[in-house]
Amino acid sequence: IDFFKNEIQRLDVEIRYDTDLTLDLINEINPDKVILATGSMPDMPVIKGLFQTKMDLVTNVDVISGKEQVKDKVIVLGGGMTGLITADFLAEQGKQVIVLNRKKSFAEEMASNDRYYLRERLKKGNVSLYKNVSVKQFTDDGVVFKANGENITLTGFESVVISEKHSSIREAKKLERKTKTPFHLIGDAKSPRHLMYCISEAEEIARLG
């Protein structure tokens, strides 16, 4: 991040914060192309009791960005890369964290070395990991689920962080119909994946000119 920050300053790249992409803005700048790196947002799963629970319900995006704070005992739903990173982030703050992964493996999209060291940090943070999970329902302060054939009920929790499937944010692409400027999607705006795809796709488009 520091490298890219320094490069932006060195190349005098203009950054406009809190600015929506509009047709007027496109006409004002008159760019050769528009590159959308608008990312993605977590989907809210339909699980019995999730929207009725007394626990706080937030997304991993809100937690990592600092937009939302969670309490001391946390359930993270999702055992992919973002779920484990979120769990690690919370464990570093001294939170008691469990991760429920509905898949059979954790963070399959990560390189094996990165995944190993992340798993080691989670062990040190006393993060409990459950895989092959089938969630039956969320309760007022916990969750009922089956993992590897075993029925488990956990209580005493205060927050649920959703970190499963993501959907691309592409609303701005509708503007392409109203202008002759070509639009390009990169990163999670194209398809929710690893950060390195966004960087490589951005570099490829920039090199094509």
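Which of the strands (runs of 3 or more DSSP E) found entirely inside the range 61-177 contain at least 2 residues meeting this: surrounded by fewer than 14 Cβ atoms within 10 Å (Cβ to Cβ) and not small (G, A, S)?
Numbers: elements: 73-77, 96-100, 128-130, 133-138, 143-147, 150-154, 159-162, 166-168.
Because the criterion is at least 2 residues that are surrounded by fewer than 14 Cβ atoms within 10 Å (Cβ to Cβ) and not small (G, A, S), the strands (runs of 3 or more DSSP E) in the range 61-177 that meet it are 150-154.
Test I186 against the criterion of being touching a Ser or Thr at 6+ places or on another chain (Cβ under 6 Å) and either surrounded by 17 or more Cβ atoms within 10 Å (Cβ to Cβ) or within 30 Å of L11 (Cβ to Cβ) (or both), and give yes or no. So that I can check it myself, show each step before the final result.
Details: touching a Ser or Thr at 6+ places or on another chain (Cβ under 6 Å): no; either surrounded by 17 or more Cβ atoms within 10 Å (Cβ to Cβ) or within 30 Å of L11 (Cβ to Cβ) (or both): yes.
No: the conditions fail for I186.
In the set T38, T22, T59, T82, which member is closer than 11 Å to S159 by Cα and either in contact (Cβ under 8 Å) with a residue 12 or more places away in the chain or of a type outside the set (V, I, T) (or both)? Quick ask: steps written out before the conclusion?
Numbers: T38 fails: closer than 11 Å to S159 by Cα; T22 fails: closer than 11 Å to S159 by Cα; T82 fails: closer than 11 Å to S159 by Cα.
Checking each option against the conditions leaves just T59.
For the range 178-208, name all the residues that are without any contact (Cβ under 8 Å) to a residue 24 or more places away in the chain, over 30 Å from L77 (Cβ atoms) and not in a helix (DSSP H, G or I). So that I can check it myself, show each step before the final result.
Step one: of the range 178-208, the residues without any contact (Cβ under 8 Å) to a residue 24 or more places away in the chain are 180, 190-191, 195-197, 199-201, 203-204, 206-208.
From what is left, the residues that are over 30 Å from L77 (Cβ atoms) are 180, 203-204, 206-208.
Residue satisfying the conditions is K180 alone.
If you go through the range 12-28 one residue at a time, how many are part of a helix (DSSP H, G or I) and either at positive phi or surrounded by 10 or more Cβ atoms within 10 Å (Cβ to Cβ) (or both)?
Step one: filter the range 12-28 for residues part of a helix (DSSP H, G or I), giving 23-28.
Checking which are either at positive phi or surrounded by 10 or more Cβ atoms within 10 Å (Cβ to Cβ) (or both) leaves us with 23, 25-27.
Number satisfying all stated conditions: 4.
Consider F51 against the criteria (1) part of a helix (DSSP H, G or I); (2) free of Cβ contacts under 8 Å to residues at least 24 places away in the same chain: it satisfies all of them except one. Which criterion is unmet?
The number of the failed condition is (1).
Which numbered condition trips up Q9, out of (1) within 17 Å of S163 (Cα to Cα); (2) in a helix (DSSP H, G or I)?
(1)
Each value in this text was obtained by applying a stated rule to the coordinates, not by laboratory testing. All values derive from a computational prediction rather than experimental measurement. All Cβ positions, even for glycine, are placed from backbone atoms using ideal geometry, and neighbour counts span all protein chains on display.
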